[in-house]
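Here the structure is laid out as structure tokens; the discussion comes afterwards.
The values are calculated or read from the model by the stated rules, or taken from the named source; none is laboratory data. All figures in this text were calculated on a predicted structure; none of them were measured in a lab. Note: ideal-geometry Cβ built from the backbone for every residue, glycine included; neighbour counts use all protein chains shown.
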Amino acid sequence: MKSRLVGAIVVAMLTLPAFVWAHEGHDHTVMGTVSSIDGKNLMVKTTDGKTVMVMMDAKTKVTQGTAKLELTAVKVGDRVVAAGPEEKGMIMAETVKVGVAAAAAKPAAKPVAKAAAK
């Protein structure tokens, strides 16, 4: 019984580092709202309330729909989906897709006043 427990612990110790290494550097996607911008770095607040740093560089492709945008076109409050390798909790964005702005809501129609009967 004791040897099985020791064997299980050894297997766990050998596979855990491989899992951690496999997780780092692979493409990850973050979706949320840009909460702040510092140069080419975006802070994106996700729907679950976490904040993730998204780093952009000259190779980052920024698009909105089918249109290509400059890095500087991303603004605070924009909804984005960023994808790229993750390292130390930050994403080095290969792509950033900016959400298309919602159409402005039409103002509610005013009720038509009824003419007074004589």
Go through (1) out of contact with any strand residue (DSSP E or B) (no Cβ under 6 Å at 6 or more places or on another chain); (2) at pLDDT below 65; (3) at positive phi for L16 and report which single condition fails. (3)
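Tally time: how many residues in the stretch 70-90 are out of contact with any Ser or Thr (no Cβ under 8 Å at 6 or more places or on another chain) and within 15 Å of A58 (Cα to Cα)? Step through it out loud before you land on a result.
So the first thing to find is which residues in the stretch 70-90 are out of contact with any Ser or Thr (no Cβ under 8 Å at 6 or more places or on another chain), and the list is 70, 72-75, 85-90.
Pick out the ones that are also within 15 Å of A58 (Cα to Cα) and you get 70, 72-74.
Here the count works out to 4.
Working only within the stretch 41-69, note down all residues that are over 15 Å from the mean Cα position of the chain (by Cα) and over 15 Å from V100 (Cα atoms).
Step one: filter the stretch 41-69 for residues over 15 Å from the mean Cα position of the chain (by Cα), giving 57-59, 65-69.
D57, A58, K59 - these are the residues of the stretch 41-69 that are over 15 Å from the mean Cα position of the chain (by Cα) and over 15 Å from V100 (Cα atoms).
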Matching residues in the stretch 72-92 (free of Cβ contacts under 8 Å to residues at least 40 places away in the same chain and closer than 14 Å to V44 by Cα) number 3
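In the stretch 54-80, what residues are buried (at least 16 other Cβ atoms within 10 Å of the Cβ) and not in a loop (DSSP other than H, G, I, E, B)?
Quick first cut of the stretch 54-80, residues buried (at least 16 other Cβ atoms within 10 Å of the Cβ) only: 54-56, 60, 62, 64, 71, 74, 78, 80.
Result: V54, M55, V62, Q64, L71, V80.
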